[in-house]
Amino acid sequence: MAAAGFATAMQTRAMARPGQEAANRRFLGGTPEIFFPKTIDNSRLVKVADPKRKREMAQFVGALCVLFLFTMVYLWQHFSAIEYGYRIEQAKATRDSVVEMNRALRLEQASLRDPERIDALARGLGFQTPQAGQVQMMDTAIDTGAPVLASARISVVSAQ
């Protein structure tokens, strides 16, 4: 243990500033310094509660909690805005594709409703145009003065 204390003293002298080298040399020839460690037992000490310090720490923790809360609210709003921006862009892309599909379906509907196409398909299946007198209108007397809930025009083609 004494050797450890001596080595510590020598290391302390070796690390001294340049101006202290002369003061350290006089000890080299003389008696070496020996340090004995003294153990201190603080187990019997009791920490006294300081109410002022405790109140300061509570205020500090409260301020940190408020700062943390404000930061989290800001970050939540920021990331929500970014997320809603992505959702809006996705909804716009979906809307554009639906509008394009609607345009294509309207074009297809117009081409399928073409009377010339329907006539060509009917003739291909062996249908003929109705002769005069084969078509009879069922709703010939419509009362125009009374309100009508629903009306339907029915045409009957007789096979004479």
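Here the residues Arg44, Arg123, ranked from fewest to most Cβ neighbours within 10 Å of their Cβ, fall in the order Arg44, Arg123.
Expressed in nm to one decimal, what extension gain is obtained for the pair Arg106 and Lys52 from 0.36 nm per residue of sequence separation less their Cα-Cα distance?
Values: separation 54, 0.36 × 54 = 19.44 nm, distance 7.96 nm.
That works out to 11.5 nm of additional length.
The Cα center of region 36-54 and the Cα center of region 75-124 differ in position by 78 Å.
Please arrange Leu105, Leu149, Leu45 by how many other C-beta atoms lie within 10 Å of their C-beta, fewest to most. Don't skip to the answer; put the middle values down first.
Values: Leu105 10, Leu149 4, Leu45 7.
Least crowded to most crowded, the residues run Leu149, Leu45, Leu105.
Taking amide H as placed 1.01 Å from N in the peptide plane, Phe35 has its amide H under 5 Å from the amide H of Gly5, Phe6, each at least 5 places away in sequence or on another chain.
Every number in this text was worked out from the coordinates using simple rules, so none of it is lab data. The shown structure was predicted, so the numbers you read here are calculated from the model rather than taken from an experiment. FYI the Cβ positions are ideal-geometry reconstructions off the backbone, even for glycines, and counts take in every protein chain you see.
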